[in-house]
Amino acid sequence: MKDKGRGGDDPRRSGRVALDVEVSLRRAGQNTHRVSIQDLSRHGCKLELVDRLRLEERVWVRIEGLEPLEARVCWIDGFVLGVEFQKDLHPAVFDHLVSKLGD
């Protein structure tokens with residue numbers, strides 16, 4: 001499954017920061033798994049994982065130091081997927097995470 005429109009017309013609302021950090025991911029009614037964030041924005045992130053998810057599925061992403069962030073799977077390409085956070089990260093929180101996780 002691929003998302004619609006990930007070609008020349010990039011629908012992203014903001015820039016992404018490349019990362020390689022392990023976080024926790026939980027699906028509704030299931031155990032938490034460790035996954036890798038490949039990039040992060042205030043609105044969502046790109047994750048790499050071994051488990052298959054479905055488009056529109058609700059998940060919770062836990063980044064160290066934050067409460068779990070509810071998110072929706074918006075695109076899937078093999079074992080890489082993009083999620084959109086239900087609530088955007090505050091700019092100051094985003095900047096803090098980037099400086100902390102980018103080290």
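The values are calculated or read from the model by the stated rules, or taken from the named source; none is laboratory data. What you see is a predicted model; the values in this text were computed from it and never measured. Cβ coordinates were reconstructed from backbone atoms using ideal geometry, including for glycine residues, and neighbour counts include every protein chain displayed.
Considering the stretch 81-103, and only residues there that are surrounded by fewer than 13 Cβ atoms within 10 Å (Cβ to Cβ) and under 26 Å from D51 (Cα atoms), the residue that is modelled with the lowest pLDDT turns out to be G102. The number of residues in the stretch 68-103 being out of contact with any Lys or Arg (no Cβ under 7 Å at 6 or more places or on another chain) and acidic (D, E) comes to 2. Taking the stretch 62-72 on its own, how many of its residues are under 13 Å from V98 (Cα atoms) and in contact with a Phe, Trp or Tyr (Cβ under 8 Å, 6 or more places away or on another chain)? Qualifying residue count for the region: 0. The condition (being touching a helix residue (DSSP H, G or I) at 6+ places or on another chain (Cβ under 8 Å), at pLDDT below 95 and small (G, A, S)) is satisfied by just one residue among G65, G78: G65.
Checking each residue in the stretch 25-59 for being touching a Gly at 6+ places or on another chain (Cβ under 7 Å) and farther than 13 Å from E70 by Cα picks out S41, K46. Examine the stretch 13-24 for a residue that is assigned to a strand (DSSP E or B) and touching a His at 6+ places or on another chain (Cβ under 8 Å), and state whether such a residue exists. Yes, the stretch 13-24 contains a residue that is assigned to a strand (DSSP E or B) and touching a His at 6+ places or on another chain (Cβ under 8 Å).
A quick yes/no check of all residues on (1) within 17 Å of N31 (Cα to Cα); (2) assigned to a loop (DSSP other than H, G, I, E, B):
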{"position": "R54", "(1), (2)": "yes, yes"}
{"position": "V59", "(1), (2)": "yes, no"}
{"position": "L89", "(1), (2)": "no, yes"}
{"position": "S99", "(1), (2)": "no, no"}
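For the stretch 1-23, the criterion of being hydroxyl-bearing (S, T, Y) and modelled with pLDDT of 90 or more is satisfied by no residue at all.
The set of residues in the stretch 68-81 being more than 20 Å from T32 (Cβ to Cβ) and among the small types (G, A, S) consists of G78 alone. For residues in the stretch 48-61 being within 10 Å of the chain's Cα centre (by Cα) and at pLDDT 95 or above, which is farthest from S99 (Cα to Cα)? It comes out as V59. Within the stretch 21-67, the set of residues being out of contact with any Lys or Arg (no Cβ under 9 Å at 6 or more places or on another chain), exposed (fewer than 13 other Cβ atoms within 10 Å of the Cβ) and among the small types (G, A, S) comprises G29 only.
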